[in-house]
Amino acid sequence: MGLFDIFNRQRPNGHSHALAIDSVIPDIPESTFIEKEAPENEEAEEKAATPQIGGIHLLYEFLDKNFETKGYNDALINPDTTHLDQNVIALKNDLERSIRKVKTFYEDFIRQIDFHITSRSRSGMIDTVEELTVKKEIAESHIGQVKEIEEQAKKNEGVGHGIIISYTRGFRNGLAAISSHMILNKSF
């Protein structure tokens, strides 16, 4: 009898010890612990659950985009100055559209707050009315900033004009890159 035969010997009930271990531990499929879904599905679900950004954040998100890279790439695709002018007009229209969205958002929000203030003040909810009044003041402050950005953009000044400067700089850098590559780097 060998040293490890102790584990393989027959038990009094007729079962071997090794057989008992195999029959007790079931085969567990991999899918029980590991999900095999594409990560794109998870991101789409998260985006659907996230509330949409409204208000001044929408405008600042637009203003924070890198338009210099866009201008550079546009110049490489179509190095025509009329293309530059058309894209600058399109950017101004996009800015104006974003401003209108934000203004509409705040105007609607302030109307809703006014309704709630009137309704809750009739019910004697003083604390709630004060909280709503603070929210209304914040909304009015934000809409004031939006109107200021709008006025500055009409005068080609301020943060709204910064996107035009950024795009134009990128477009001109793209034109310079084309000239450098095609003409200046050639030896004759």
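Here, each number is a calculation from the coordinates, and none is a lab measurement. Note that the structure is predicted; figures quoted are calculated from it, not measured. All Cβ positions, even for glycine, are placed from backbone atoms using ideal geometry, and neighbour counts span all protein chains on display.
Cross-link list K92/K135; K135/K155; K103/K135; K65/K101; K65/K155; K65/K136: which exceed 24 angstrom alpha carbon to alpha carbon?
As for pairs spanning more than 24 Å Cα to Cα, those are K92/K135; K135/K155; K65/K136.
What does the charge count around G174 come to, taking other residues whose C-beta lies under 11 Å from its C-beta (Lys +1, Arg +1, Asp -1, Glu -1)?
Net charge around G174: +1.
Can you work out ³J(HN,Hα) from phi for every residue in region 72-87, in order, using Karplus 6.51 cos²θ - 1.76 cosθ + 1.60 and θ = phi - 60°, giving whole Hz and x for Gly and Pro?
Each residue of region 72-87 in turn: 4, 5, 5, 5, 5, 6, 9, x, 10, 5, 5, 5, 4, 4, 5, 6 Hz.
How many nm is it between the label spots at H181 and S119, if each spot is 7 Å from the Cα in line with the beta carbon?
The modelled label-to-label distance comes out at 6.0 nm.
So for the pair L76, K135, with labels modelled 7 Å out along Cα→Cβ, what separation do we get in nm?
The two pseudo-label positions are separated by 4.7 nm.
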